[in-house]
Amino acid sequence: MNGTFSPKNVSKTFPTEWELTDLLSKSWEALLLLGGGALAVILHQSFRLPLGLPGHHGIEWMALLIMGRAFSRFRGAGSLTGLGAAGMSMLPIWGVSHDPFIWLIYLLPGPVMDLAFRYLPRFADKLWFLMLLGGLAHVTKPVARLLITIISGWSFGSFRYGVAYPIGSHLLYGLIGGLLGALLVLGIQRLTPKSNPE
């Protein structure tokens with residue numbers, strides 16, 4: 001050792017301004033994704049109306065999830081949004097939950113979104129794809145509850161009218177939420193000016 005630092009060693013020791021900016025940008029993006037999931041739970045808890053329509057909160061939930069996944073550069077953006085929702089759903093401010101698996105219900109749609117975007121990227125800008133993805137992701141809720149009921153015997157009120165009704169209802173509201181999210185995503189993308197490469 002000669003007691004001197006080369007520029008290469010200094011750059012490895014101290015992050016450059018570009019690296020710090022990129023790190024800050026990614027941190028804000030992660031917080032926005034987590035916040036999007038948390039917002040879905042807040043909306044759900046704030047507007048708990050006894051409509052008798054299983055899954056109707058899937059409209060805003062799937063719209064937020066589609067937007068977060070479509071706009072993010074993170075491969076796990078959907079899972080990160082679901083993690084934000086799962087964490088928010090477990091806070092004691094909502095009182096005693098009658099569903100101990102609610103965190104799992106919020107968590108599941110995110111990985112479905114991530115897998116679809118990863119293995120079917122050519123459809124990621126298609127309206128019908130995002131709409132269908134919203135429907136299928138939201139169906140994970142009644143399917144997961146059905147499996148929990150079969151395995152553990154835990155009963156859910158949404159199955160009092162049978163299995164087909166909640167699955168169909170969640171699919172419908174998920175499709176509507178997916179459509180809403182897709183329209184917002186594609187509309188914003190169309191209004192955003194594209195940079196022309198020189």
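Nothing in this text is a laboratory measurement; each read-out follows from the coordinates by a stated rule. The model shown is predicted, which means the values in this text are computed figures rather than measured ones. Please note: Cβ atoms are built from the backbone with ideal geometry, for glycine as well, and neighbour counts cover all protein chains shown.
The simple Förster model, with R0 at 30 Å and r as the Cβ-Cβ distance, assigns SER46 and ASP22 a FRET efficiency of 0.25.
If the segment from SER155 to LEU32 were pulled out straight at 0.36 nm per residue, it would be longer than the present Cα-Cα gap by 40.8 nm.
If I stretch the segment between ARG73 and LEU186 completely, what's the gain in nm (0.36 nm per residue apart, minus their alpha carbon distance), one decimal?
39.1 nm
Cβ crowding within 10 Å, taken as a proxy for footprinting-reagent exposure, orders TRP61, TRP94, TRP18 from fewest neighbours to most as TRP18, TRP94, TRP61. The value of relative contact order for region 16-191, using C-alpha pairs under 8 Å at least six residues apart, is 29 percent. Counting neighbouring Cβ atoms within 10 Å and putting the fewest first, the residues TYR165, TYR119, TYR173, TYR106 line up as TYR119, TYR165, TYR173, TYR106.
What's the magnitude of the charge dipole for the chain around its Cα centre, counting Lys and Arg as +1 and Asp and Glu as -1 at the beta-carbon? Answer in Debye, nearest 20. Value, rounded to 20: 320 debye. Couplings 3J(HN,Hα) of region 32-40, computed from phi: 5, 5, 4, x, x, x, 5, 4, 4 Hz, in residue order, whole Hz [Karplus 6.51 cos²θ - 1.76 cosθ + 1.60, θ = phi - 60°; x for Gly and Pro].
Axis angle, to the nearest 10 degrees, between helix 109-119 and the longest C-alpha principal axis of the chain: 60 degrees. Ranked for footprinting exposure by Cβ neighbours inside 10 Å, fewest first, MET90, MET67, MET62 give MET90, MET67, MET62. What list of ³J(HN,Hα) couplings, whole Hz, do you get for region 174-183 from phi and the Karplus terms 6.51, -1.76, 1.60, once you set θ to phi - 60° and write x for glycine and proline? Couplings: x, 5, 5, x, x, 5, 4, x, 5, 4 Hz.
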